[in-house]
Ligand SMILES: [Zn+2]
Ligand SMILES: [Zn+2]
């Protein structure tokens, strides 16, 4: 019993923080996230808005309500606990290399690409399951209140807390899968955390950004907008590789009466 309590306490508070310290970290993390989002938005000014964000569609801006605020607050706590676990692994794990000289091609860039692939490999089918008619209304529907999301990280994190827990658990599994297949350097994990933060924000900001190399679509903001417009397509967060394999990929379409009616 004592061991179980100890494990539960580690699960919720891996750094054994006092309550005021925990609150201070939530506030600092939230400020850092909003600052990052501001910088991302400024950097986006050199990008074109997605074609959907012109004309009357630029007026499709849903307002946030109390339920959104409550979910965002709960998700902020979940993210703090999860980031605490990632930081704990970065600092203490025996399977993460930390010294500068141990950074190599395999545990650095290759591990990062593999981590993106593994994470979406787990996330895309789970996301598809959340769209199943018997589940959709209870959990994932909340994230789809906005057909043309535009608030960056606020719209990205505006989801049911159960969905947040699922996404973070799959992310952690992907970290283990990568580390135990090709190894992992701390820089890879820190890089992936940064990519996930900025990528999720950009996916919901309304700007057009696509990254392609080695014949793979590694990232496309247009693809995630298409998911909000056509919720049975484009389930991955970053690479559309898995959607192409599952037969759920849809390319960007400009005119979309169906989505306009749903908004
Ligand atoms: Zn979304
Ligand atoms: Zn969805």
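The values are calculated or read from the model by the stated rules, or taken from the named source; none is laboratory data. Quick caveat, the model's predicted, so the values are computed rather than measured. Quick reminder, even Gly has a Cβ in these numbers, built from the backbone with ideal geometry, and neighbours come from all protein chains shown.
Does the stretch 136-157 contain any residue that is within 16 Å of ligand 1 (Cβ to nearest atom) and in contact with a strand residue (DSSP E or B) (Cβ under 7 Å, 6 or more places away or on another chain)? The answer is no; no qualifying residue exists.
Of all residues in the stretch 190-216, exactly one satisfies the criterion of being within 24 Å of residue 175 (Cα to Cα), touching a strand residue (DSSP E or B) at 6+ places or on another chain (Cβ under 7 Å) and buried (at least 19 other Cβ atoms within 10 Å of the Cβ), namely 199.
Here are some residues: 237, 254. Which one is surrounded by fewer than 19 Cβ atoms within 10 Å (Cβ to Cβ) and either more than 16 Å from ligand 2 (Cβ to nearest atom) or touching a residue at least 60 places away in the same chain (Cβ under 8 Å) (or both)?
254
Of the helices (runs of 4 or more DSSP H) lying entirely inside the stretch 101-176, those carrying at least 2 residues that are within 16 Å of ligand 2 (Cβ to nearest atom) and touching a helix residue (DSSP H, G or I) at 6+ places or on another chain (Cβ under 6 Å) are 111-130, 153-157.
Do we have residue 248 as touching a helix residue (DSSP H, G or I) at 6+ places or on another chain (Cβ under 8 Å), within 14 Å of ligand 2 (Cβ to nearest atom) and farther than 20 Å from residue 157 by Cβ here? Even if it seems obvious, please write down each step before you answer.
On the way: touching a helix residue (DSSP H, G or I) at 6+ places or on another chain (Cβ under 8 Å): yes; within 14 Å of ligand 2 (Cβ to nearest atom): yes; farther than 20 Å from residue 157 by Cβ: yes.
Yes; evaluated as a whole, the condition is true for this residue.
May I ask you to list the residues in the stretch 86-100 that are surrounded by fewer than 18 Cβ atoms within 10 Å (Cβ to Cβ) and either in contact with a strand residue (DSSP E or B) (Cβ under 8 Å, 6 or more places away or on another chain) or part of a helix (DSSP H, G or I) (or both)? Break it down into steps so the answer makes sense when it comes.
Going residue by residue through the stretch 86-100, those that are surrounded by fewer than 18 Cβ atoms within 10 Å (Cβ to Cβ) are 87-88, 90-95, 98-100.
Selection gives 87, 88, 90, 91, 92, 95, 98, 100.
The number of residues in the stretch 224-238 that are out of contact with any helix residue (DSSP H, G or I) (no Cβ under 7 Å at 6 or more places or on another chain) and either modelled with pLDDT of 95 or more or within 9 Å of residue 128 (Cα to Cα) (or both) comes to 2. Condition check: assigned to a helix (DSSP H, G or I), over 30 Å from residue 16 (Cβ atoms) and at pLDDT 95 or above. Does residue 70 satisfy that? Spelling it out, it is not the case that residue 70 is assigned to a helix (DSSP H, G or I), over 30 Å from residue 16 (Cβ atoms) and at pLDDT 95 or above.
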